Amino acid sequence: MANNGTKTRQTETRLAAQLMKRILIHFRSQMDEALRPQGVTTAQLHILKTIHNEPGVSGAQLARACYVTPQSAQSLLQGLEEGGWIVRVKDKVNDRIRVAQLTQTGETLLETAEKAARIIENRVWKGVSDEAVGSLNRLLEQCLGNLELES
């Protein structure tokens, strides 16, 4: 039988994990709602932002960077291309690879979406000090590192 200290820690760590998940679910839901009028999803926005930050990124690299399967990345890219937010062209080095580039419409969408994200992020962190956010980041990085060591 576990002692009270172990039960309390287990209860607290499970609660922390549940709260992190709930925050992510609420954030994603509010982002999807804010993006709906533009006709894009949060997942597509992540793809757009990665293309913007890493020009010339391949579909496989996008999938890894956005934590989706290559098949999902291709589906997201197809939707973005059909929406006119990206164009895909042959890579200059390997013509079997198609790389995505943002169109002006895609750049504008990204700017609009970033404004919506900042509003939601400000709501999430309202009343939380910079020091607390820094401490939380260090804790989460440690937890992530612990998981990555096992994989």
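The values are calculated or read from the model by the stated rules, or taken from the named source; none is laboratory data. Treat the numbers as computed from the prediction; the structure is a model and nothing was measured. Please note: Cβ atoms are built from the backbone with ideal geometry, for glycine as well, and neighbour counts cover all protein chains shown.
The table below lists the values:
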item: Residue in the range 55-69 that is in contact with a helix residue (DSSP H, G or I) (Cβ under 7 Å, 6 or more places away or on another chain), exposed (fewer than 13 other Cβ atoms within 10 Å of the Cβ) and modelled with pLDDT of 90 or more present; result: yes
item: Residue identified as among the charged types (D, E, K, R) and either modelled with pLDDT of 95 or more or within 15 Å of Val57 (Cα to Cα) (or both) among Arg98, Arg118; result: Arg98
item: Enumeration of residues in the range 1-49 that are among the aliphatic types (A, V, I, L, M), over 14 Å from Thr112 (Cβ atoms) and surrounded by 14 or more Cβ atoms within 10 Å (Cβ to Cβ); result: Ala43, Ile47
item: Selection from the range 84-102 of residues that are over 13 Å from Ile51 (Cβ atoms) and in a loop (DSSP other than H, G, I, E, B); result: Gly84, Asp91, Lys92, Val93, Asn94, Asp95, Arg96, Ile97
item: Scan of the range 1-35 for residues that are modelled with pLDDT under 90 and out of contact with any helix residue (DSSP H, G or I) (no Cβ under 8 Å at 6 or more places or on another chain), ordered by number; result: Met1, Asn3, Asn4, Gly5, Thr6, Lys7
item: Matching residues, the range 105-151, being hydroxyl-bearing (Ser, Thr, Tyr) and either touching a strand residue (DSSP E or B) at 6+ places or on another chain (Cβ under 6 Å) or surrounded by 11 or more Cβ atoms within 10 Å (Cβ to Cβ) (or both); result: Thr105, Thr108, Thr112, Ser135
item: Selected residue [at pLDDT below 95 and either under 25 Å from Ala34 (Cβ atoms) or out of contact with any Phe, Trp or Tyr (no Cβ under 9 Å at 6 or more places or on another chain) (or both)] from Leu149, Leu136; result: Leu149
item: Breaking point among (1) out of contact with any strand residue (DSSP E or B) (no Cβ under 9 Å at 6 or more places or on another chain); (2) in a helix (DSSP H, G or I); (3) closer than 17 Å to Leu109 by Cβ, for Ala73; result: (3)
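Residue-by-condition table, conditions (1) in contact with a Leu (Cβ under 7 Å, 6 or more places away or on another chain); (2) touching a residue at least 40 places away in the same chain (Cβ under 8 Å); (3) in a helix (DSSP H, G or I):
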site	(1), (2), (3)
Ala16	no, no, yes
Phe27	no, yes, yes
Leu48	yes, yes, yes
Ala65	no, no, yes
